[in-house]
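The structure under discussion appears below in the form of structure tokens.
The values are calculated or read from the model by the stated rules, or taken from the named source; none is laboratory data. Remember, it's a predicted structure, so these values are computed and weren't measured experimentally. Glycine also receives a Cβ, built like all others from the backbone with ideal geometry; neighbour counts cover every protein chain displayed.
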Amino acid sequence: MLQGFKEFIMKGNVIDLAVAVVIGTAFAAVVNSLVGDVLMPLISMLVGTPDFSNFLVFGAVKFGAFLTVVINFLLVAAAIYFVVVVPMNHMIERRNRRMGILPEDEPADPQVVLLTEIRDSLRSRQ
């Protein structure tokens with residue numbers, strides 16, 4: 001039972017989904033701040049107050065609040081990358097090497113490469 005759970009967790013799709021949810025949540029804050037603190041005050045200056053909460057004058061464009069949210073997003077993204085993605089990639093790489101699976105950029109056995117080239121050459125002649 002625990003082996004099945006370990007296999008489930010080690011799948012790349014689960015980690016990718018978890019990262020996407022966290023990044024999506026952080027990015028939602030960026031978008032909300034852009035809309036609420038930057039765009040809405042600019043629009044309200046042009047059209048008046050179409051039911052804006054706490055309508056403020058020109059000096060109320062909150063670029064500082066937006067910048068804070070963007071920095072928070074970048075920090076969350078960096079934390080997720082260095083704490084989750086990098087260690088997971090190393091674990092997957094070690095597992096693949098243990099299983100004999102080569103990364104795409106590493107050359108395979110020279111005999112396999114030669115046989116693949118011969119096969120491809122024969123296919124192109126037909």
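What to note about this one:
- Among the residues examined, Leu67 qualifies as modelled with pLDDT under 75, in a helix (DSSP H, G or I) and closer than 30 Å to Ala28 by Cα.
- Test: residue in segment 110-125 that is closer than 28 Å to Ala20 by Cβ and modelled with pLDDT under 80: no
- Any hit, segment 8-26, residues being at pLDDT 75 or above and more than 30 Å from Arg94 (Cα to Cα): yes
- In this entry, Val47 is excluded by the filter for residues that are at pLDDT below 75 and in contact with a Leu (Cβ under 8 Å, 6 or more places away or on another chain).
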